[in-house]
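First comes the structure, then the notes that go with it.
None of the figures in this text is laboratory data; all of them are computed from the coordinates on show. This is a predicted model, so every value here is computed, not measured. Neighbour counts run over all protein chains shown; Cβ positions are idealised from the backbone, glycine included.
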Amino acid sequence: MIYTISGKLLHKMLHFVVIETGGLGLRVTVPETVYQELPPVGSLTSLFTHLHVREDALDLYGFKTEKELSLFESLISISGIGPKSGINIMNVAQVDQLVAAINEGRTELLVKASGIGKKTAERVILELKGKLNFGDSSRTLSLMEGDIDLEETLVGLGFTKQQAKATVSRIDPNIKGFNERLKEALKKK
C-alpha cells in the first residue's frame, strides 16, 4: 500500500490534485477540506494516502493528517460506503466535527453529505459510534452546528457554498457567538 506521497504539486482541482514524485505525476482525490489547506501549485507538499484497488482502476485518496486518513478508512470499511461516499462525508466538515457527530448519534449532520441518506447515516453511526475518539465531542459538535448555520447564512448573502466554507474555516475558533463569527466572516471576504 502507498501510505504517503511527497512531491511537487503540479495541478490542483477541487476534487483532485496531481503530485509529481519520482518522475511520475500521480492523481490523488482529496476532500474539499484538504484542498483548502494545500499550498499553491509548484510548491512541495505531502499527503497521507489510501490506495483503493478495483478491477479496472487503482485510485489514490489523499489527506493532510493521519486522523483524516483513519476516519476515511473507517468510513469505507462500512458496507455500502465506498470511497466516493467517504469523500462526500468528509466534505461536510473537519474530522473532529464529523467524529463528534458520529459519537453523539447526530444523523442530521451526516445527511448533509451528497448521496448520504438517513439510513446510511444511521449505519455509519451504528458501526462507528464510540470507536473513534479524537477529542471532546459535545464542544466540537456545538461549534460545528454554529458553523453550518453560519455557512448557510453566508450563502444567503451571496457567497458560493465553497467560499462560505473556506471563509468560516479561517475564523479564529476563539471568537464565540453567531453574530461575532458572522462579523468576522464578513471582514474576511
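Values as computed for the structure displayed
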{"quantity": "Residue list for segment 47-87, filter: closer than 18 Å to Lys119 by Cβ and either of a type in the set (A, V, I, L, M) or buried (at least 19 other Cβ atoms within 10 Å of the Cβ) (or both)", "calculated": "Leu75, Ile76, Ile78, Ile81, Ser85, Gly86"}
{"quantity": "Members of segment 98-115 that are over 12 Å from the mean Cα position of the chain (by Cα) and not in a helix (DSSP H, G or I)", "calculated": "Glu104, Gly105, Arg106, Val111, Lys112, Ser114, Gly115"}
{"quantity": "Where a residue in segment 148-162 is farther than 18 Å from Leu98 by Cα and its partner, wherever it lies, is among the polar types (S, T, N, Q) and crowded, with 18+ Cβ neighbours inside 10 Å, with Cβ under 8 Å and at least six apart", "calculated": "Leu154/Thr167; Phe159/Thr167"}
{"quantity": "Hits in segment 48-69 - residues which are more than 13 Å from the chain's Cα centre (by Cα) and small (Gly, Ala, Ser)", "calculated": "Ala57"}
{"quantity": "Residues of segment 51-69 satisfying the condition of being in contact (Cβ under 8 Å) with a residue 24 or more places away in the chain, of a type outside the set (A, V, I, L, M, F, W, C) and more than 18 Å from Met13 (Cβ to Cβ)", "calculated": "His52, Thr65, Lys67, Glu68"}
